Amino acid sequence: MGLMRIDLLSRRRLLQSASALVASTALPAWSRAQEAKGGGRLVVAADSEPKNLNPAIVASNGVFFIASKVVEPLAEASYTAPGGLAPRLATAWDGSVDGLSVTFRLRDGVKWHDGKDFTSADVAYSAMNVWKPLQNLGRVVFANLLAVDTPDPLTAVFRFSKPTPLQLIRNALPAVSSVIPKHVFEGTDIAKNPANLNLVGTGPFRFAEYRPGEYYRLTRNADYWGKDEPKLDEIIYRILPDRAGAAAALEAEEIHLAAFSAVPLSDLDRISKVPGIQVVTKGYEALTYQLVVEINHRRKELSDLKVRQAIAHAINRKFVIDTIFVGYATASTGPVPKNAPEFYDPEVASYPFDTRKANALLDEAGYPKGTDGVRFSLKLRPAPYFNETKQFGYYLRQALAAIGIEATLGNADAAAHQVAVYTDHDFDLAVGPPVFRGDPAISTTILVQSGLPSGVPFSNQGGYENKALDSVIAKAAETIDAEARTEFYRQFQKIVAADLPLINVAEWGFITVARDTVLNVPDNPRWAVSNWADTALRS
Amino acid sequence: MTAALRLIRRRLATSIPVLLIVIVLTFVLLEFSSGDAVDAYLISIGGGDPAVAANLRHAYGLDQSHLARLWLYLSSLARLDFGWSVAFERPVADLIVERLPNTLLLMGSATALAFGLGTSLGIVAGARPESATDRVISTVSLILYAIPGFWLGLVLSIVFAVKLRWLPSAGLETIASGRTGSARMLDIAMHLALPVGTLAVIYMALFMRVMRASMAEVWRLDFVTFARAKGLSRRRIVLRHVARNALLPLVTMLGLQSAAMLGGSVVIESIFAIPGFGRLAQEAVTQRDTPLLLGIILTSAVLVIVVNLLLDLVYALLDPRLQPSDRSA
């Protein structure tokens, strides 16, 4: 999911000034001929090459970015469809009153890329053999899945051992329900099947070619079930590991599109002024990332609510958004982002920027400033996955200094950070970017829930334990009625905001930069990881 | 000739313990850095539970002891098996065979260009040390040498790829173009122009300065005075007497540079999206892929040893006074 981006602030600055220098001299240019004929070839930037491209096993944005065009889920997020969910391989879904079963009606006349018919057996196989036992998110969502019955080729009935809310299943469908062909995987070692890279799906594009380090190529599936879809003949994912490289390739018209903020935020202002280039902020509403201060509650000072409140008050969210995110983010109020209106509750405790109050709270908590102005020292570990998490680390150190807390920054690469924070608990404060995945039960409650084993990334490893909160989380997990379940999640937000097991600072979606010739760019809230069946090129 | 054979044999004998030490040290370094391949993988897919992590560690063999794994690696290496890359889910040997030619092409062209240009400029500058020409060449080359590679690469890319559009901004060749034969070679040459140019410009300065300094030294030697006294033309003195004798330290430099260039190509390969060795090494480190990194380092070490061996043989050709076995590296 584009987590491995490494960038240097100075490099971008230099690039900006250098290009400004060059831009001032008008130079004759011959434009390379666009290779657009018919539907055309769309060339997009990719920054990572997942070793396992099977979205049924690895439900991550980095995989979906490529694989979602080939392998389809049962349903996809939508701006317009009822309940925000548009049918894909399933045409209808219904939950039983007791919450012990969900029935999917499947699409008729769908064929796999190898010509075989798509049936309920494929859904049952994917669910029981892949999603539930192997998939990173499916292991949570389908934990209580007992069996999938297939009364006929177009009906799949999911049976659960415990009541499972349809609301959760619905919200999870776009990410967890990629269906793979039973006839390709059955009887093989699923983890080692070559079809994990040479994907076989039902989607609008077929997997054609992979040249490691260079590109992936997908071609049009002429037998796609969607009427007049797909519009494009080909999609090429060109591997561009350097972020400045993606911007340059866009300007040089060598690529059409860079998603997932492949063009750095600080470059957007400049590139948006380049003729023929559009900056698109829509299309990531269902992929909201959250900027979070993780807290190690084993540390005596941090186990005191007043200290946590003081830290929350010391953070100037407006500054963070305007400076670090160059305006492309929103202030958070709690653990559920505003982009999830179904659950979002704004009526929670808030912590406006107020250093005086923060200082007063720390005095009250019994941590007076020493003669050197320092109350106590902390170890701060910003996650290295994004520029913004690293920059927020620098900012937070200064913000803490203003209230007499001295923070030393820990520096580590991704693997070392994961061990330091989530396995060894060698941190006092950490900066993390968890993702809200459409429902709090998928990857949000785990951030504050107690009793989790160590070694689980993006989970509560700060030793926080709150029985009341745990009980709300547990009740919500088995409440079938959507209204009642949502109410539990409102309570969840209130408790988290009041007790601050962690501090939610900001939330952001990514940015797409595309040539004007690319049409229908953000047509759903998971656009970058959806099937691009109606994406087109203007000739 | 027998001397050359003796040298090759002796080098081979000394190389094996060197390579062994390289392997063990790299292994230890990677084993004791924080986080393993499973941690790196889980982060890249956005999380996973302990059961998933334990299964992966078992599948990757990471649940075995350090010693057992080192022994396993060494014994498979003895059978010329480079092992399995967990980050790419492919055999390490395949990855190396796939990426090495790209880096060799990039490095080879850049070194040749840097050596050629640097030596020529060094001769021009060293023909009349302290002259105005010498000053200009020395200053400009020093400035170029001081420029960070990534910056120069980006600037060249903006000028020649984005603004002028004379050259492609990145990649090794036009994607899925179906070109073959000379059309493909031309296409690759166009793509390599910027990265090779960037590397060459930076390393050129080094060759230039060594050549110039070495020439300045040779000018002071007696045989040059003698050549002058003989009434030889200045041109002949510069080229046949001074430059030829000044060339020797450059050959040594070439050997040292071949190792430095392997490292320097990491950044350039990233900026210009060239699937080479440097980028592979970077990915091996971030993914904590021990067998892959060991394979890369081993191949690089062998490369450096071979290059230095070849240069020693060339040395003997350039300077008949030296027997190959006289120099030990």
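The values are calculated or read from the model by the stated rules, or taken from the named source; none is laboratory data. Every value quoted in this text rests on a predicted model; they were computed, and no experiment measured them. Cβ coordinates were reconstructed from backbone atoms using ideal geometry, including for glycine residues, and neighbour counts include every protein chain displayed. All accessible areas refer to the heavy atoms of the entire protein, side chains included, with ligands and DNA or RNA removed. Shrake-Rupley method; radii C 1.70, N 1.55, O 1.52, S 1.80 Å.
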May I ask you to say which residue of A:Ser454, A:Ser443, A:Ser459, A:Ser450 is more than 14 Å from chain B (Cβ to nearest Cβ) and of a type in the set (Ser, Thr, Tyr)? A:Ser450
Matching entry among A:Ser454, A:Ser459, A:Ser450 (being over 30 Å from A:Arg88 (Cα atoms), hydroxyl-bearing (Ser, Thr, Tyr) and open to solvent by 40 Å² or more (accessible area, probe 1.4 Å)): A:Ser454
Does A:Val279 qualify as being within 25 Å of A:Lys390 (Cβ to Cβ) and not in a helix (DSSP H, G or I)? yes
Note: among A:Ala506, A:Ala497, A:Ala468, A:Ala514, just one is modelled with pLDDT of 95 or more, touching a Lys or Arg at 6+ places or on another chain (Cβ under 8 Å) and small (Gly, Ala, Ser), namely A:Ala506
Is it true that some residue in the range A:217-225 is more than 10 Å from every other protein chain (Cβ to nearest Cβ), open to solvent by 10 Å² or more (accessible area, probe 1.4 Å) and aliphatic (A, V, I, L, M)? yes
Among the residues that make up the range B:145-166, is at least one of them closer than 19 Å to B:Gly263 by Cβ and more than 14 Å from every other protein chain (Cβ to nearest Cβ)? yes
When the residues of the range B:139-176 are filtered to those that are among the small types (Gly, Ala, Ser) and in contact (Cβ under 8 Å) with a residue 12 or more places away in the chain, which remaining residue is nearest to A:Ala208 (Cα to Cα)? B:Gly171
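Rundown of residues vs (1) over 26 Å from A:Lys475 (Cβ atoms); (2) among the aliphatic types (A, V, I, L, M), yes/no style:
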position: A:Val140; (1), (2): no, yes
position: A:Ala143; (1), (2): no, yes
position: A:Val148; (1), (2): yes, yes
position: A:Phe160; (1), (2): no, no
position: A:Ala172; (1), (2): no, yes
(1) buried (at least 23 other Cβ atoms within 10 Å of the Cβ); (2) in the same structural domain as A:Asp322 (by TED's automatic domain parsing): which one isn't true of A:Asp481, the others all being true? (1)
Out of all the residues in the range B:242-294, which are open to solvent by 40 Å² or more (accessible area, probe 1.4 Å) and among the charged types (D, E, K, R)? B:Arg244, B:Glu283
Would you please list the contacts, defined by Cβ atoms under 8 Å and residues six or more apart or on different chains, that run from a residue in the range A:133-154 that is under 17 Å from A:Leu89 (Cα atoms) to a residue that is open to solvent by less than 60 Å² (accessible area, probe 1.4 Å) and in a loop (DSSP other than H, G, I, E, B)? A:Thr150/A:Thr119; A:Pro153/A:Thr119; A:Leu154/A:Arg107; A:Leu154/A:Thr119
Can you pull out the residues in the range A:386-406 that are part of a loop (DSSP other than H, G, I, E, B) and modelled with pLDDT under 95? A:Phe386
Within the range A:311-328, identify whether any single residue is of a type outside the set (Val, Ile, Thr), under 17 Å from A:Glu406 (Cβ atoms) and open to solvent by 60 Å² or more (accessible area, probe 1.4 Å), and answer yes or no. no
Just to be sure, is A:Lys282 open to solvent by 30 Å² or more (accessible area, probe 1.4 Å), under 26 Å from A:Pro50 (Cα atoms) and away from chain B (no Cβ under 12 Å)? yes
Is the range A:363-385 home to any residue that is farther than 25 Å from B:Ile43 by Cα, in a helix (DSSP H, G or I) and open to solvent by 40 Å² or more (accessible area, probe 1.4 Å)? yes
Counting only residues that are touching a residue at least 60 places away in the same chain (Cβ under 8 Å), facing chain A (nearest Cβ under 10 Å) and more than 30 Å from B:Val210 (Cα to Cα), give me the helices (runs of 4 or more DSSP H) lying completely in the range B:3-115 with at least 3 of them. B:37-44
I want to confirm something. Restricting to the range A:243-279 and keeping residues that are of a type in the set (Asp, Glu) and open to solvent by 10 Å² or more (accessible area, probe 1.4 Å), which single residue is nearest to the chain's Cα centre (by Cα)? A:Asp269
Considering only the range A:243-279, state which residues are of a type in the set (Gly, Ala, Ser) and within 14 Å of chain B (Cβ to nearest Cβ). A:Ala244, A:Gly245, A:Ala246, A:Ala247, A:Ala248, A:Ala249, A:Ala252, A:Ala258, A:Ala262, A:Gly276
Can you tell me how many residues within the range A:131-164 are away from chain B (no Cβ under 13 Å) and aliphatic (A, V, I, L, M)? 7
Return yes when B:Thr103 is under 13 Å from the mean Cα position of the chain (by Cα), modelled with pLDDT of 90 or more and among the hydroxyl-bearing types (Ser, Thr, Tyr) and no when it is not. yes
What about B:Ile296, is it within 18 Å of B:Asn102 (Cβ to Cβ), within 13 Å of chain A (Cβ to nearest Cβ) and among the hydrophobic types (A, V, I, L, M, F, W, C)? no
In the range B:138-168, which residue that is in contact with a Phe, Trp or Tyr (Cβ under 8 Å, 6 or more places away or on another chain) and not in a helix (DSSP H, G or I) is surrounded by the most Cβ atoms within 10 Å (Cβ to Cβ)? B:Arg165
Looking at A:Leu287, A:Leu232, A:Leu199, which is the one that is more than 10 Å from chain B (Cβ to nearest Cβ), out of contact with any strand residue (DSSP E or B) (no Cβ under 6 Å at 6 or more places or on another chain), crowded, with 19+ Cβ neighbours inside 10 Å and of a type in the set (A, V, I, L, M)? A:Leu287
Is it the case, given these coordinates, that A:Glu483 is among the charged types (D, E, K, R) and either assigned to a loop (DSSP other than H, G, I, E, B) or touching a helix residue (DSSP H, G or I) at 6+ places or on another chain (Cβ under 9 Å) (or both)? no
